[in-house]
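*Asks:* The structure under discussion is supplied below as structure tokens; questions concerning it will follow.
The values are calculated or read from the model by the stated rules, or taken from the named source; none is laboratory data. What you see is a predicted model; the values in this text were computed from it and never measured. Cβ placement follows ideal geometry from the backbone for every residue including glycine, while neighbour counts extend to all protein chains displayed.
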């Protein structure tokens, strides 16, 4: 065996080691990427499952003249953390004032301020102390919107 043959053998051994190293790195990278995808899939599934668990219900009644005339009565599904105004906008035709924070009309029934009429609401038979945009609904709440003189 001459010097050229020894160099050729060493080069082949070196190339085989290099190839084995590259293949090992690729296999490990592939396994790592698969794990990352699995983790992302778990993350994508979890929020959906959580959303399904947080569905809740609220009873909304729309009346006039301190409850003398009922215009609507709905049991509405909502998600935890939603405000009353969000649920109202989704389920009723609303007209609002003051950048959407004050309800002036529900399903075409408009409060006539010149006659001192306004939409007022109660939560579980208690007069509301915050605007509908600030009230975060709770499961089982009973909401009544009533159009009457103030």
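*Asks:* Being at pLDDT 95 or above and in the same structural domain as residue 142 (by TED's automatic domain parsing): is that true of residue 101 here?
*Replies:* For residue 101, the condition - at pLDDT 95 or above and in the same structural domain as residue 142 (by TED's automatic domain parsing) - is not met.
*Asks:* Okay, moving on. What number of residues in segment 80-104 are surrounded by 14 or more Cβ atoms within 10 Å (Cβ to Cβ) and assigned to a strand (DSSP E or B)?
*Replies:* 7
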